[in-house]
Amino acid sequence: MRMILVGPPGVGKGTQAALLEQRTGAKPLSSGVIFRSEIEAETDLGQLAKSYIDRGELVPNGITIQMMVKRLRAPEIRAKGFVLDGFPRTVRQAEALDEELAKEDIRLHRVASLEVSDEVVVARLGGRIGCTKCGEIYHQVTKPPKREGLCDKCNSPLFVRKDDQPETIRERLRVFHEQTAPVVDYYEASGLLKRINGDQPTETVYSEIVAGLTG
Ligand code: AMP
């Protein structure tokens, strides 16, 4: 299965990508997760990306496209399929992805657009905490970890992302409306898009994504 999850920050793309992997085997490819691991490993790419990410801006297309194309060519992704999360985020990235898939004669099955209001995004990201090691996501109010500050799954420390601070959240939302909303129109025009209300329980959103794969 090969699909894309589009939506504003905090809508639950990462959570849905993890569920899709558990149940279909398709591998999640999250540009944000990849950037954060490059930053953690202090690579040149990580250092370059960090200044943009900390401000809530997009990392330039050229850098992002090159990084994602490399991952898409990995044998495991070829064999198991993918769930793209956070990429493409601009029309230029969507065009580059189309070019790459066409070159390899690979067909995309679906694009799910998870949609919520800006108020919901602000409320969700405001309390978000994540695991430094396995990437599991918690929320101070709606999904607190069993032991404060520690991951239920792997016991590693939890952290608040620097770009989940209120001013940066507002900037990320502005960037989403300006640069990523046109990506939804792009896929609507190609007939691949399924719009889903992201302000519903995780399992409901999941069922609608899966229904959209066949419907
Ligand atoms: P995310 O974890 O998807 O919210 O991404 C965190 C940050 O990484 C974004 O706010 C951007 O600065 C950067 N980023 C992630 N994906 C992309 C992308 N496809 N294009 C440009 N920047 C990106």
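Quick one: in the stretch 28-59, which of the residues that are among the charged types (D, E, K, R) and buried (at least 17 other Cβ atoms within 10 Å of the Cβ) is nearest to I196 (Cα to Cα)?
R36
Are any residues in the stretch 72-89 closer than 16 Å to E104 by Cα and either crowded, with 21+ Cβ neighbours inside 10 Å or within 12 Å of the ligand (Cβ to nearest atom) (or both), and if so, which ones?
Selection gives F82 alone.
Considering only the stretch 14-33, I want to know if a residue exists there that is within 23 Å of K153 (Cβ to Cβ), of a type in the set (K, R), in contact with a strand residue (DSSP E or B) (Cβ under 9 Å, 6 or more places away or on another chain) and within 12 Å of the ligand (Cβ to nearest atom).
No: the stretch 14-33 contains no residue that is within 23 Å of K153 (Cβ to Cβ), of a type in the set (K, R), in contact with a strand residue (DSSP E or B) (Cβ under 9 Å, 6 or more places away or on another chain) and within 12 Å of the ligand (Cβ to nearest atom).
Return the only residue of D199, D164, D152 being open to solvent by 80 Å² or more (accessible area, probe 1.4 Å) and either over 19 Å from R92 (Cα atoms) or within 19 Å of the chain's Cα centre (by Cα) (or both).
Result of the check over D199, D164, D152: D199.
V120 passes all but one of (1) open to solvent by less than 60 Å² (accessible area, probe 1.4 Å); (2) outside any helix (DSSP H, G or I); which number fails?
(2)
Taking the conditions exactly as written (modelled with pLDDT under 95, more than 21 Å from R2 (Cβ to Cβ) and touching a helix residue (DSSP H, G or I) at 6+ places or on another chain (Cβ under 8 Å)), does I169 satisfy them or not?
yes
Working only within the stretch 1-18, note down all residues that are closer than 15 Å to G198 by Cα, modelled with pLDDT of 95 or more and either surrounded by fewer than 23 Cβ atoms within 10 Å (Cβ to Cβ) or small (G, A, S) (or both).
Matches in the stretch 1-18: G7, A17.
I'd like the full set of residues that are in contact with an Asp or Glu (Cβ under 8 Å, 6 or more places away or on another chain) and within 10 Å of the ligand (Cβ to nearest atom), limited to the stretch 34-64.
Residues satisfying the conditions are A49, I53, D54, R55, G56, E57.
Look through P182, P144 and report the one residue that is surrounded by fewer than 19 Cβ atoms within 10 Å (Cβ to Cβ) and touching a Phe, Trp or Tyr at 6+ places or on another chain (Cβ under 9 Å).
The conditions single out P144.
What's the number of the only condition in (1) of a type outside the set (A, V, I, L, M, F, W, C); (2) at negative phi; (3) at pLDDT 95 or above; (4) away from the ligand (no atom under 16 Å from the Cβ) that E119 fails to meet?
(3)
Taking the stretch 167-196, which residues are under 16 Å from the mean Cα position of the chain (by Cα) and in a helix (DSSP H, G or I)?
I169, R172, L173, V175, F176, H177, Q179, T180, A181, V183, V184
Restricting to the stretch 125-136, name every residue that is surrounded by fewer than 18 Cβ atoms within 10 Å (Cβ to Cβ) and hydrophobic (A, V, I, L, M, F, W, C).
Residue satisfying the conditions is C134 alone.
Just to be sure I understand, how many residues within the stretch 151-166 are away from the ligand (no atom under 12 Å from the Cβ) and part of a helix (DSSP H, G or I)?
1
Give me the residue from the stretch 91-115 that is within 11 Å of R2 (Cβ to Cβ) and part of a helix (DSSP H, G or I) and, out of that set, farthest from the ligand (Cβ to nearest atom).
Once the filter is applied, the top-ranked residue is L101.
The values are calculated or read from the model by the stated rules, or taken from the named source; none is laboratory data. All figures in this text were calculated on a predicted structure; none of them were measured in a lab. Cβ coordinates were reconstructed from backbone atoms using ideal geometry, including for glycine residues, and neighbour counts include every protein chain displayed. The area values use the complete protein model at the heavy-atom level, side chains included, leaving out ligands, DNA and RNA. Shrake-Rupley method; radii C 1.70, N 1.55, O 1.52, S 1.80 Å.
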